[in-house]
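So that we are looking at the same thing, I have put the structure below in structure tokens.
Just so you know, all these numbers are worked out from the coordinates, no wet-lab data involved. Every value quoted in this text rests on a predicted model; they were computed, and no experiment measured them. In this analysis, Cβ positions are derived from the backbone assuming ideal geometry, glycine residues included, and neighbour counts consider all displayed protein chains.
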Amino acid sequence: MTERPATASGDGGDAGDAGYPTSPDQGETLLALDGLTKHFRNDGGFLSGLTLGRDVDGLVGIDREWVRAVDDVSFEIASGETLGLVGESGCGKSTLARTILQLVQPTAGDVYYKGRNFAEMGREELRRQRRDMQMIFQDPQSSLNPRMKVGRIVEEPMEAHGMLDAEGREARARELLERVGLDPQHYNRYPHAFSGGQRQRINLARALSVNPDFVVCDEPVSALDVSIQAQVLNTMADLQAEFGLTYLFITHDLSVIRHISDRVAVMYLGEVVELAETEELFEHPRHPYTEALLNAIPVPDPRAPGVRGRLEGDVPSPIDPPSGCRFRTRCPELIVPGDYDLTPAEWANVRAFARSVDRHEFEAESELAVRREFFGNAEPDGEAGRIVDEAIARLLTGEWDGAAALLNESFADRSICARGRPDYEVEPERDVDRHFAACHLHRDGTPPD
């Protein structure tokens, strides 16, 4: 497990108090993650994922590349609550869910369920434990066997865990079909006879057949029409109240998250960057990435002023993520290095210049043209100005890569955002206990202006 820096409040990083808030209004802790990590080998093809390098003795060695899908994630889920997990595609949400359920083995870290560590369980004990933990998958069609009748599909988990006899399993399957809003008389139909929303209800009935306490919902409504999504979500909420279920609800749809979740965790490039009670996070986001996600939500009013938020750049590769804060390469609030005395306008111009150089977004026709394009309103002086001068000189001789490297090493890499992993507990704005934000803007314990 990666060692955590101290939080702004001085908290450490164990599973019970890792800077990630738990819900104050729910029951006891049902699930706790402590530094959960999952890396995959980069096996894209022959010799892929292998890099050559020399050791201290000058000998050539071969290193293997790893995809860091999930890195050092810690949080708790209380019994009876719904924790929403949100983030853009490829950020590690589904991998985290599968690692929690031990469908893939973690690279490091621990998963505690009802106080028991999965790593200490034997194979048979872990198999019995899975009866308490079920999963609803994203695609309601591919997750159902088209050659099996829906009654048999719902009964299959009960049979696998030795629950009831054949007559009892059929009775329970019919009862569950009715509970999720389907006709029990459809017990002998095949999946193709149902709509997408009805198939997802079948998936829900199958998950509930073994009386689980914890259900992972991996994008359960993203493949459904909007008109059907609300019906399925309401059914899930009713079943949660009836059976006392605990949900980990994964989606990229923030409106769905706000509707169903008690708390929300935001993931970016394999890490949790913010976690708080739902309304606290939506009304008072404390991480720039969360703010960008919220600003990107479409407003259903053509008269509404303003432009939707847009992040610069692409998501970095999980094979070689940025040091420190992983969001820093796209962050609009990257902190100016303490080595330089720059005004906000000067720092904004330096960052825009460095970003454009890195992407070759302009033609360096002359020094005057470059300065007019990037530094017309504010140009740095002193050491920062000297570095900019040298970068422009390199551009004029065609050394674009050299100029980009100079700017990156002199500015972005010297920011505190690049030098330490952020891990802070900030003061909530609402009447809730805790609010976690992985952003160095909160390094002094106070919110940014």
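Taking Rh as the Kirkwood radius, which is the inverse of the mean 1/r over Cα pairs, what is the Rg/Rh value for the chain?
Looking at the chain, the ratio lands at 1.04.
Taking the Cα-to-Cβ direction at E242 and at R189 and moving 7 Å from each Cα, how far apart do the two end points lie in nm?
1.8
Continuing with this model, one more query. Taking the Cβ of D132 as the center, what net charge do the other residues with Cβ under 13 Å away carry, scoring Lys and Arg +1 and Asp and Glu -1?
The answer is +4.
Okay, next question. Hey, in the GNM for the chain with a 10 angstrom Cα cutoff, which one of L294, L395, L96 fluctuates hardest?
So, out of L294, L395, L96, the one fluctuating most is L395.
Counting only the backbone N, which residues of segment 83-103 are under 19 Å from the spot 7 Å out from the Cα of M148 toward its beta-carbon?
The answer is 103, whose backbone nitrogens lie closer than 19 Å to the label point.
Over the Cα atoms of segment 344-414, what is the Rg over Rh ratio if Rh follows Kirkwood?
Dividing the radius of gyration by the Kirkwood radius yields 0.91.
Using the Karplus curve 6.51 cos²θ - 1.76 cosθ + 1.60 with θ = phi - 60°, what ³J(HN,Hα) values do you get for each residue of segment 394-410, in whole Hz, with x for Gly and Pro?
For segment 394-410, the Karplus curve yields 5, 4, 5, 9, x, 8, 5, 5, x, 5, 5, 5, 4, 5, 5, 5, 7 Hz.
GluC sites (Glu not before Pro), restricted to segment 400-449: which are DSSP loop and have at most 14 other Cβ atoms within 10 Å?
The qualifying sites are E429.
Now, a different point. Using R₀ = 41 Å, calculate the FRET efficiency as 1/(1 + (r/R₀)^6) where r is the Cβ-Cβ separation of K114 and E283; round to 0.05.
Efficiency at R0 = 41 Å is approximately 0.80.
Additional query: If you take the square roots of the eigenvalues of the alpha-carbon gyration tensor of segment 189-255 and sort them as a ≥ b ≥ c, do you get rounded (a/c under 1.5), prolate (a/b over b/c) or oblate?
It comes out oblate by the Cα gyration axes.
Which chymotrypsin sites (Phe, Trp or Tyr not before Pro) from segment 359-449 combine a DSSP loop assignment with at most 14 other Cβ atoms within 10 Å?
F362
Relative contact order for segment 344-414 using alpha-carbon pairs under 8 Å, separation at least 6, rounded to a whole percent?
This gives 37 percent for segment 344-414.
Once every DSSP H run of n ≥ 4 in the chain is given -39500 (n - 2.57) and the sum is divided by its residues, what mean residue ellipticity at 222 nm do you get, rounded to the nearest 500 deg cm²/dmol?
-10000 deg cm²/dmol
Expressed in nm to one decimal, what extension gain is obtained for the pair T397 and S356 from 0.36 nm per residue of sequence separation less their Cα-Cα distance?
13.1 nm
Shifting gears a bit: Check T82: other-chain or 5+ apart residues with amide H under 5 Å from its amide H, H built from backbone geometry?
Those qualifying (amide H under 5 Å, at least 5 residues apart or on another chain) are Y247, D262, R263.
Provide the FRET efficiency to the nearest 0.05 for the R123-V226 pair, computing r from the beta carbons and using R0 = 45 Å.
0.60
Straight-line reach from K38: which aspartates and glutamates have a Cα under 13 Å away, not including same-chain ones fewer than 8 places off?
Straight-line reach from K38, under 13 Å: D71, D72, D110, E271.
Which of P321, F375, P337 sits farthest toward the positive end of the charge dipole of segment 256-413, with +1 on the Cβ of Lys and Arg and -1 on the Cβ of Asp and Glu?
Ranked along the dipole, the leading option is P321.
What is the sum of charges around R116, taking Lys and Arg as +1, Asp and Glu as -1, for the other residues whose C-beta is under 12 Å from the C-beta of R116?
That works out to -2.
In the chain, if the dipole is taken from +1 on Lys/Arg beta carbons and -1 on Asp/Glu beta carbons about the Cα centre, which of V180, L245, V232 is farthest to the positive end?
Highest projection toward the positive end goes to V180.
Still on this structure, I have one more. How large is ³J(HN,Hα) for each residue in segment 215-229, as worked out from phi by the Karplus curve 6.51 cos²θ - 1.76 cosθ + 1.60 (θ = phi - 60°), to whole Hz, x for Gly and Pro?
Karplus values, whole Hz, x for Gly and Pro: 10, 8, 10, 9, 6, x, 10, 5, 8, 9, 4, 4, 5, 8, 4.
Mind listing the phi-derived Karplus ³J(HN,Hα) values for segment 370-386, rounded to whole Hz, using 6.51, -1.76 and 1.60 with θ = phi - 60°, and x for any glycine or proline?
Whole-Hz 3J(HN,Hα) from phi for segment 370-386: 5, 5, 5, 6, 10, 10, x, 9, 6, 10, x, 10, x, 4, 4, x, 4.
Follow-up question, since we're still on this one. So if I place +1 on the C-beta of Lys and Arg and -1 on the C-beta of Asp and Glu, and nothing else carries charge, what would the dipole magnitude of segment 276-407 be about its Cα centre? I want it in debye, nearest 20.
340
Sorted from fewest to most neighbouring beta carbons within 10 Å, what does the list I260, I136 look like?
I260, I136
Please get the size of the charge dipole for segment 344-414, origin at its Cα centre, with Cβ charges of +1 on Lys and Arg and -1 on Asp and Glu, quoted in debye to the nearest 20.
180
Moving on. Report the charge-dipole magnitude of segment 85-177 in Debye, nearest 20, computed about the Cα centre from +1 at each Lys and Arg Cβ and -1 at each Asp and Glu Cβ.
The dipole magnitude comes to about 60 debye.
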